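Visitor: Handing you this structure, nothing more for now.
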Amino acid sequence: MSVLVLNCGSSSLKYQLFDMRDESVKAKGLVERIGIKGSRLKHTSFPGGDTVRDGDISDHTEAIKIVLSLLTDKKTGVISSLGEISAVGHRVVHGGEKYSKSVLVDDSVKRSIEDCAYLAPLHNPANLAGIDAMQGSLPDIPNVAVFDTAFHQTMPPEAFLYGVPYRYYEQDKVRRYSFHGTSHAFVSRRAAEILGHPAESLKLVTCHLGNGSSITAVENGRSVDASMGLGTSPGVIMGTRCGDIDSDVALFLVEKEGGAARTNAILNKESGILGISGISSDLRDVVAAAGEGNERASLAINMLTRSVAKYIAAYASVMGGVDAVVFTAGIGENSDIVRGLSLKKLEFMGIKIDSEKNEALHGKEGFISTPDSKVKVLVVPTNEELMIARDTFELSGRG
Ligand code: AMP
């Protein structure tokens, strides 16, 4: 009754083992620097504690073999045999237009993940490497692919198309996909439960604000607009990503910096909160610097909160109203400053914040709006791994 959830990056692997009887986490871990000198694995079992293993790990297949042996090991293990793992769920970044839901992996699904690799060149090949490695190690266990893009496949064409010649959509599938779909789906469903209304009757704006950030309009349980795009840099400014810019900025950088690769690095790794503040991509450092009077740190916070407010108001207009705004992820769950400054600009929409509740709520579920606020505002901690485990358990039919 255990489900293993894997999130494979190009040189990393994150995992969690769930006991689906009560959805508890039995073990979790992170392997870093796969295929690079100085690999490190940190494994935590519950109860049990941490195990750290240093030593080179050449590829995802080797990493998965080590993880499986740690899960069944007498000292670090939490299951007596690999037979207790009933299915494996994989986070897959890009499902293109083909997948609007999670699917059981077969050869055609693997081919589709490969076909979408041109849209997510860093992620899809790594996700596929994880699936291959898992199929090699546990050939009889079903694998499920849970796509970051799937939840947003309900966006209408007027939301997902760009104003470039239509042939680029027809020929190359150039369009807005947006990401973090698993998180937006999870928090919107949980918010509906907390609000005590069916998701199918609610207009929500979900704000996933972390190192990467995206905002989604969720109408009647379906994503109808979302702030990321063809790639993951559009929307609000992020830790190191630029957020919305106009195409002329990108063209200027291509000319000045001598090419697309360098421009890509500037827009994705050197921009956003880091690029504006010049201090850090981590909001905590930037808030601390702003508190000491650093003007560019304050500017980065003001840019972020202004754009969060703009998206909430824009998405309310897209849906013809909004019942609740939901904050999640590292910044959304923890930063009362970002929540407070963003929402202050939205008093005209009938949003009233209880400052004491806002200041007190960190990393926990709850309301930060006043009881008479026309639009409710909630914090809902995200749990993408649990969402992947649930889909995997359901689709694998091993429940
Ligand atoms: P995530 O990508 O969801 O892990 O979020 C990472 C971001 O959340 C970083 O910018 C952190 O600075 C921010 N964050 C985490 N904890 C806090 C906190 N207590 N206050 C402000 N920001 C936080």
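The values are calculated or read from the model by the stated rules, or taken from the named source; none is laboratory data. Remember, predicted model here, so these are calculated numbers, not experimental data. In this analysis, Cβ positions are derived from the backbone assuming ideal geometry, glycine residues included, and neighbour counts consider all displayed protein chains. When the accessible area is computed, the model is the full protein with side chains, heavy atoms only, and any ligands, DNA or RNA have been set aside. Shrake-Rupley method; radii C 1.70, N 1.55, O 1.52, S 1.80 Å.
Visitor: For Arg296, indicate whether it is of a type in the set (D, E, K, R) and in contact with a Ser or Thr (Cβ under 8 Å, 6 or more places away or on another chain).
Guide: The answer is yes for Arg296.
Visitor: Which residue out of Ile351, Ile312, Ile266 is open to solvent by less than 50 Å² (accessible area, probe 1.4 Å) and more than 30 Å from Ala192 (Cα to Cα)?
Guide: Ile266
Visitor: Here's something else I'd like to know. Determine, yes or no, whether Arg40 is closer than 20 Å to Ser137 by Cβ, at pLDDT 95 or above and open to solvent by 50 Å² or more (accessible area, probe 1.4 Å).
Guide: No.
Visitor: Can Arg167 be described as at pLDDT 95 or above, of a type in the set (Lys, Arg) and closer than 25 Å to Asn211 by Cα?
Guide: No: the conditions fail for Arg167.
Visitor: For region 43-81, what are the residues that are under 16 Å from Gln16 (Cα atoms) and polar (S, T, N, Q)?
Guide: Thr44, Ser45, Thr51, Ser69, Thr72, Thr76
Visitor: Tally up the residues in region 337-371 that are closer than 25 Å to Ser298 by Cβ and within 13 Å of the ligand (Cβ to nearest atom), please.
Guide: Number of matching residues: 11.
Visitor: I've got another one for you. Could you give every pair whose Cβ atoms fall below 7 Å, whose first residue belongs to region 47-67 and is over 18 Å from Ala133 (Cβ atoms), and whose second residue is open to solvent by 60 Å² or more (accessible area, probe 1.4 Å) and modelled with pLDDT of 95 or more, counting only separations of at least 6 or pairs across chains?
Guide: Short answer, once both residue conditions are applied: Asp50/Lys42; Val52/Arg40; Val52/Lys42; Asp54/Arg40.
Visitor: Here's something else I'd like to know. Let me spell it out: the conditions are (1) away from the ligand (no atom under 15 Å from the Cβ); (2) over 25 Å from the mean Cα position of the chain (by Cα); (3) assigned to a helix (DSSP H, G or I), and Ile266 meets all of them except one. Which number is the exception?
Guide: All conditions are met except number (2).
Visitor: A follow-up question, please. Within region 210-230, track down each residue that is within 16 Å of the ligand (Cβ to nearest atom) and either in contact with a strand residue (DSSP E or B) (Cβ under 9 Å, 6 or more places away or on another chain) or assigned to a strand (DSSP E or B) (or both).
Guide: Gly210, Ser213, Ser214, Ile215, Thr216, Ser227, Met228
Visitor: Can you work out which of the residues in region 285-301 that are out of contact with any helix residue (DSSP H, G or I) (no Cβ under 8 Å at 6 or more places or on another chain) and outside any helix (DSSP H, G or I) is most open to solvent (accessible area, probe 1.4 Å)?
Guide: Checked region 285-301; the qualifying residue most open to solvent (accessible area, probe 1.4 Å) is Glu292.
Visitor: Has region 13-29 got any residue that is outside any helix (DSSP H, G or I), aromatic (Phe, Trp, Tyr), under 22 Å from the mean Cα position of the chain (by Cα) and over 30 Å from Leu230 (Cα atoms)?
Guide: Yes, region 13-29 contains a residue that is outside any helix (DSSP H, G or I), aromatic (Phe, Trp, Tyr), under 22 Å from the mean Cα position of the chain (by Cα) and over 30 Å from Leu230 (Cα atoms).
Visitor: Write out, first by first residue and then by second, each pair whose Cβ atoms fall under 7 Å of each other, whose residues are 6+ apart or on separate chains, and whose first residue, in region 313-331, is within 14 Å of the ligand (Cβ to nearest atom) while the second is open to solvent by 10 Å² or more (accessible area, probe 1.4 Å) and part of a helix (DSSP H, G or I).
Guide: What qualifies is Phe327/Glu333; Ile331/Leu283.
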